[in-house]
Amino acid sequence: GNYNGISIGAKAKDFTASDALGNKVTLYDELSKGPVVLVFYRGSWCPFCNIQLRAYQQILPQIHALGAQLIAISPQAPDNSLSIIEKQNLTYKVLSDSNGLAAAKYNILYEVPGFLQNMLENFGLNLAEYNSTNRWILPVPATFMIDENAIVRSAYVNPNFMQRMEPADILYELQKL
């Protein structure tokens with residue numbers, strides 16, 4: 001499959017998703033306050049995602065100083081989206097994209113192949129259950145910079161889930177907005 005995300009210069013797709021407390025967050029409402037760094041991650045069962053989310057927390061003051069905010073989103077159910085400790089330590093919005101609707105709009109959603117399902121199940125992870133959906137779906141990890149006119153100004157989409165956009169690169173791209 002070709003999961004390249006939506007292209008730079010394209011209009012960001014609006015979506016509404018729930019945060020860990022069940023509050024609804026709509027992308028276009030957030031964009032009315034300024035640029036958004038939108039991060040799609042696989043879930044808190046993925047150690048690379050957890051490292052990434054913590055690293056982005058470190059640069060949050062700089063993101064805010066540039067007038068922007070960070071929103072992270074994964075297909076997992078709200079109750080699984082964050083442990084208590086993470087809820088206390090992450091001060092940006094972490095959303096639950098049930099059924100991968102937002103990821104699908106950004107062209108990064110894929111069905112997890114059988115061999116990978118088996119591997120994860122051997123680790124005791126039933127992704128369908130974890131995401132409270134009947135499908136094994138995941139987003140390709142991706143970071144989109146979206147300006148207040150809802151235009152995608154930068155996109156980092158990498159099927160190698162071990163590679164994520166570096167915090168310094170996020171700040172560099174944001175400064176250009």
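The values are calculated or read from the model by the stated rules, or taken from the named source; none is laboratory data. Everything numeric here is computed off the predicted structure, so don't read it as measured data. Using ideal geometry, Cβ is built from the backbone for each residue, glycine included, and neighbour counts are taken over all protein chains shown. Heavy atoms of the whole protein, side chains included, go into the accessibility calculation; ligands, DNA and RNA do not. Shrake-Rupley method; radii C 1.70, N 1.55, O 1.52, S 1.80 Å.
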Item checked: Proximal charge balance of F123 [Cβ under 15 Å; K/R count +1, D/E count -1] -> -1
Checklist line | chymotrypsin sites (Phe, Trp or Tyr not before Pro) lying in DSSP loop within the stretch 13-58, provided at most 16 other Cβ fall within 10 Å | finding: W45
Next item on the list: Consider a paramagnetic label point 7 Å from the Cα of K176 along Cα→Cβ; state which residues of the stretch 20-63 have an amide N under 16 Å from it.
Entry: 36-38
Checklist line | Gaussian network model of the chain, springs between alpha carbon atoms under 10 Å - residue of I59, I71, I137 with greatest fluctuation | finding: I59
Check: When the helices in the chain are scored as -39500 (n - 2.57) per DSSP H run of 4 or longer and the sum is shared across all residues, what 222 nm value do you end up with, to the nearest 500 deg cm²/dmol?
Finding: -8000 deg cm²/dmol
Note to self: Suppose we keep just the DSSP beta bridges with both residues in the chain; what percent of those would be antiparallel, to 5?
What the structure shows: 70
Checklist line | Accessible area per residue, Å², the chain with all protein chains present, probe 1.4 Å | finding: 48
Notebook entry, point to check: Restricting to lysine pairs 8 or more places apart or on different chains, what number in the chain have Cα atoms under 19 Å apart?
Noted result: 13
Check: Which net charge results for the neighbourhood of A155, defined as the other residues with beta-carbon distances under 14 angstrom from its beta-carbon, given Lys and Arg at +1 and Asp and Glu at -1?
Finding: +3
Margin query: Students often get this wrong, so try it: which of (i) 20.0, 70; (ii) 15.8, 53; (iii) 15.2, 45 is Rg and Dmax of the Cα atoms in Å as calculated from the structure shown?
Written below: (iii)
Next item on the list: Keeping the other protein chains in place, figure out the carbon and sulfur percent of the accessible area of the chain, with a 1.4 Å probe.
Entry: 52
Item checked: Charge context of P35, other residues only, Cβ under 11 angstrom, K/R +1, D/E -1 -> -1
Checklist line | For the chain: relative contact order, % (alpha-carbon pairs under 8 angstrom, 6 or more apart) | finding: 31
Check: Are there trypsin sites (Lys or Arg not before Pro) in the stretch 70-177 that DSSP puts in a loop and that have at most 12 other Cβ atoms within 10 Å, and which ones?
Finding: K176
